[in-house]
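Structure first, commentary second.
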Amino acid sequence: MKEISLNLENLNEVFPDDFTQEQIAKGKTLFLKKLAQEAHCFYAGKIQTVPKAPVVGFNWFNVWYTPGVSKVSTNIRDRNECSFELTNRGNLVAVVSDSTRVLGDGDCTPSGGLGVMEGKAFLMKYLGGVDGVALCIDSKDENGKNDPERIIQFVKMVQHSFGAINLEDISQPNCFRVLDVLREECDIPVWHDDAQGTACVTLAGVINALKLAGKKIGDVRIVLHGAGASNTTIARLLISDGADPAKMIMFDTKGSLHLDRKDIEADKRFYRKWELCQTTNPGKIPTMAEAMKDSDILISLSTPGPDVIKRPWIHSMAPKSIVFCCANPVPEIYPYAAKEEGAYIVATGRGDFPNQVNNSTGFPGILKGALMVRARKITDTMAIRAAHSLADYAERRGINPEDIVPNMEEAAVFPHEAADVAMQAIADGVARITMTWEEAFEKAKKDIEHSRSMTRSLMDNGFIEMPPIAMIKDALSWAVEQVK
């Protein structure tokens, strides 16, 4: 086994030479899970609270707290808008979850989602210059059932402390009602990143994949495997951006969606799925095998793989086919297998494969843009504008079949995205304040650079300890042994 670097950049090269591609893919998954467990234990999580104001002398405590801070309270009492100026509210997001659908692991109990929610806050700060707080709550009623109304009431009560709410890992169908109600009844943006964030970045990937394939969004046949919050929102944004619903087929665990799905029509909680039953798959094609034949695009967000999507299905697709298999932690089909069956462009949700379609390039910039203009909500047109911002940025710096969207290392993409979203919020009439694109870009850029510089300074000065290389090597050795 070869030596692994501290930054993990050579992860694809450290496995034994006799490992197959499938063994390497499985080994990377096991390694990352093992290292995550050990690293989170080593650091006791990954988020802390630090002051943003100085302590110049003892009497400054009387400024930051009582008696001086009384003036701040009365100012906000008399004009609530002051809370965005006199506190951190204007740059603070609550990451709210009941942890009922954590990644691919299902219901993990309320506190089981903390690792993911802290991760969301971590990325908000480093990538978007936005502060985040993880709030995992118990949504069960007295009968032990998860009640969306409990989440709704919780968010409505805490909204006065935050500039935006990021909903995360809430199971369907509850997630639909929670988002739709809160978007209308809260006075700050409520964003469901599993749905809207994934849809935004997926749309960006589709835009550029179609450019490379020489196809138009209104002409292509699209198959969506999985009908959860992510894929139903992806379908909605694709249609809003020009895709033809009559050329779209979606599948849930019981088959394809169409007008004869009376089970969906009867369950009013699944109204988003029923909307798609009414507009997609007019031919009522029943099976994946039939739907995939001569299709141009597959978007799968369903059960972790690797054999959920079958090789023959990919083989039957149209020339220059586009395959997005984004289940976590293992895609529904490995990229090498899809390529072997003729796929032209393959994307997954993982950063260790080409073309990571991951909402981490979306929500930091989107939330930053919304916060800067103190938006009251994040509209679908703001999400679509963010998708085109990501796609345009990637196209300007160059795209190819192995690189269709920006990645998290491209720091410059986030202020562009934030500024574009801010301008769309103003155009949509949901912004409390206005600014120019240039002003929004410079503010976002400054805040993001500050966050990154602060992290580097903490590392350089030993306040954030470097991960022990022995911990990384041990996790890798363990993964290799498991795969052998």
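Evaluate the following for Ser97: is it surrounded by 17 or more Cβ atoms within 10 Å (Cβ to Cβ), among the hydroxyl-bearing types (Ser, Thr, Tyr), in contact (Cβ under 8 Å) with a residue 60 or more places away in the chain and in the same structural domain as Trp64 (by TED's automatic domain parsing)?
Details: surrounded by 17 or more Cβ atoms within 10 Å (Cβ to Cβ): yes; among the hydroxyl-bearing types (Ser, Thr, Tyr): yes; in contact (Cβ under 8 Å) with a residue 60 or more places away in the chain: yes; in the same structural domain as Trp64 (by TED's automatic domain parsing): yes.
Answer is yes for this residue.
Of the residues in the stretch 294-303, how many are crowded, with 17+ Cβ neighbours inside 10 Å and in a loop (DSSP other than H, G, I, E, B)? I'd like the intermediate steps shown before the answer.
Going through the stretch 294-303, the residues crowded, with 17+ Cβ neighbours inside 10 Å turn out to be 295-302.
After this cut, where a residue has to be in a loop (DSSP other than H, G, I, E, B) as well, the list is 295-296, 301-302.
Count: 4.
Do we find a residue being outside any helix (DSSP H, G or I), loosely packed, with under 14 Cβ neighbours inside 10 Å and modelled with pLDDT of 95 or more anywhere in the stretch 269-283?
Yes, some residue in the stretch 269-283 is outside any helix (DSSP H, G or I), loosely packed, with under 14 Cβ neighbours inside 10 Å and modelled with pLDDT of 95 or more.
Condition check ((1) under 14 Å from Ala94 (Cβ atoms); (2) surrounded by 24 or more Cβ atoms within 10 Å (Cβ to Cβ)) across all residues:
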residue: Pro148; (1), (2): no, no
residue: Ser161; (1), (2): yes, no
residue: Arg183; (1), (2): no, no
residue: Gln196; (1), (2): no, yes
residue: Val201; (1), (2): no, yes
residue: Leu212; (1), (2): no, no
residue: Lys216; (1), (2): no, no
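Have a look at Val133, Val178 and point out the one that is part of a strand (DSSP E or B) and either out of contact with any Asp or Glu (no Cβ under 8 Å at 6 or more places or on another chain) or in the same structural domain as Gly226 (by TED's automatic domain parsing) (or both).
Details: Val178 fails: part of a strand (DSSP E or B).
Of the residues listed, the single one that is part of a strand (DSSP E or B) and either out of contact with any Asp or Glu (no Cβ under 8 Å at 6 or more places or on another chain) or in the same structural domain as Gly226 (by TED's automatic domain parsing) (or both) is Val133.
Which of (1) within 30 Å of Gly369 (Cβ to Cβ); (2) in contact with a Phe, Trp or Tyr (Cβ under 7 Å, 6 or more places away or on another chain); (3) assigned to a helix (DSSP H, G or I) does Lys34 not meet, given it meets every other one?
Condition not satisfied by Lys34: (1).
How many residues are in contact with a strand residue (DSSP E or B) (Cβ under 7 Å, 6 or more places away or on another chain), touching a residue at least 40 places away in the same chain (Cβ under 8 Å) and either closer than 19 Å to Leu301 by Cβ or of a type in the set (S, T, N, Q) (or both) if we restrict to the stretch 105-125?
2
Residues checked against (1) over 22 Å from Ala235 (Cα atoms); (2) more than 19 Å from the chain's Cα centre (by Cα); (3) at pLDDT below 95:
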{"residue": "Ser295", "(1), (2), (3)": "no, yes, no"}
{"residue": "Ile299", "(1), (2), (3)": "no, no, no"}
{"residue": "Val308", "(1), (2), (3)": "no, yes, no"}
{"residue": "Pro312", "(1), (2), (3)": "yes, yes, no"}
{"residue": "Asn328", "(1), (2), (3)": "no, no, yes"}
{"residue": "Gly342", "(1), (2), (3)": "yes, yes, no"}
{"residue": "Arg350", "(1), (2), (3)": "no, no, yes"}
{"residue": "Asn358", "(1), (2), (3)": "no, no, yes"}
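Can you tell me which of (1) farther than 30 Å from Val190 by Cα; (2) in contact with a Ser or Thr (Cβ under 9 Å, 6 or more places away or on another chain); (3) part of a loop (DSSP other than H, G, I, E, B) is the one Pro306 doesn't meet?
(2)
Which pairs have Cβ atoms under 6 Å, sit 6 or more apart or on different chains, and link a residue in the stretch 17-33 that is charged (D, E, K, R) to one that is assigned to a helix (DSSP H, G or I)?
Close Cβ pairs (under 6 Å, with a partner that is assigned to a helix (DSSP H, G or I)) amount to Lys26/Val483.
Looking only at the stretch 248-267, how many residues end up being touching a residue at least 24 places away in the same chain (Cβ under 8 Å) and either assigned by TED's automatic domain parsing to the domain that holds Val178 or buried (at least 19 other Cβ atoms within 10 Å of the Cβ) (or both)?
Number satisfying all stated conditions: 8.
Among Pro319, Pro329, Pro354, which is the only one that is farther than 17 Å from Val206 by Cα and surrounded by fewer than 19 Cβ atoms within 10 Å (Cβ to Cβ)?
On the way: Pro319 fails: farther than 17 Å from Val206 by Cα; Pro354 fails: farther than 17 Å from Val206 by Cα.
One residue alone meets the criteria, Pro329.
In the stretch 322-330, is there at least one residue being in contact with a helix residue (DSSP H, G or I) (Cβ under 6 Å, 6 or more places away or on another chain) and in a strand (DSSP E or B)?
Yes, because at least one residue in the stretch 322-330 is in contact with a helix residue (DSSP H, G or I) (Cβ under 6 Å, 6 or more places away or on another chain) and in a strand (DSSP E or B).
Going residue by residue through the stretch 91-101, is there one that turns out to be farther than 21 Å from Gly128 by Cβ and at pLDDT below 95?
Yes, there is a match, as at least one residue in the stretch 91-101 is farther than 21 Å from Gly128 by Cβ and at pLDDT below 95.
Would you pick out the residues in the stretch 194-217 that are over 30 Å from Gly342 (Cβ atoms) and touching a Cys at 6+ places or on another chain (Cβ under 9 Å)?
Hits for the stretch 194-217 are Asp194, Ala195.
Determine whether the stretch 39-58 contains at least one residue that is loosely packed, with under 10 Cβ neighbours inside 10 Å, of a type in the set (A, V, I, L, M) and touching a Phe, Trp or Tyr at 6+ places or on another chain (Cβ under 7 Å).
Checked the stretch 39-58: at least one residue is loosely packed, with under 10 Cβ neighbours inside 10 Å, of a type in the set (A, V, I, L, M) and touching a Phe, Trp or Tyr at 6+ places or on another chain (Cβ under 7 Å).
Report yes if some residue within the stretch 435-445 is over 25 Å from the mean Cα position of the chain (by Cα), surrounded by 13 or more Cβ atoms within 10 Å (Cβ to Cβ) and in contact (Cβ under 8 Å) with a residue 24 or more places away in the chain; otherwise report no.
yes
Any residue that is part of a strand (DSSP E or B), out of contact with any Asp or Glu (no Cβ under 8 Å at 6 or more places or on another chain) and farther than 20 Å from Ser316 by Cβ - is there at least one of those in the stretch 203-218?
Within the stretch 203-218, not a single residue is part of a strand (DSSP E or B), out of contact with any Asp or Glu (no Cβ under 8 Å at 6 or more places or on another chain) and farther than 20 Å from Ser316 by Cβ.
Note down all Cβ pairs under 9 Å where the first residue falls in the stretch 268-285 and is of a type in the set (Gly, Ala, Ser), the second is buried (at least 21 other Cβ atoms within 10 Å of the Cβ), and they're at least six residues apart or on different chains.
Close Cβ pairs (under 9 Å, with a partner that is buried (at least 21 other Cβ atoms within 10 Å of the Cβ)) amount to Gly283/Ile249.
Can you spot a residue in the stretch 357-365 that is touching a Phe, Trp or Tyr at 6+ places or on another chain (Cβ under 9 Å) and surrounded by fewer than 24 Cβ atoms within 10 Å (Cβ to Cβ)?
no
Just to be sure, is Ala289 within 24 Å of the chain's Cα centre (by Cα), modelled with pLDDT of 95 or more and of a type in the set (A, V, I, L, M)?
The answer is no for Ala289.
Going by what's in this entry, would Ala391 be described as buried (at least 21 other Cβ atoms within 10 Å of the Cβ), farther than 30 Å from Glu81 by Cβ and hydrophobic (A, V, I, L, M, F, W, C)?
Yes: the conditions hold for Ala391.
The values are calculated or read from the model by the stated rules, or taken from the named source; none is laboratory data. These numbers come from a predicted model, not from an experiment. Cβ sites come from the backbone with ideal geometry, for glycine too, and all protein chains shown count toward neighbours.
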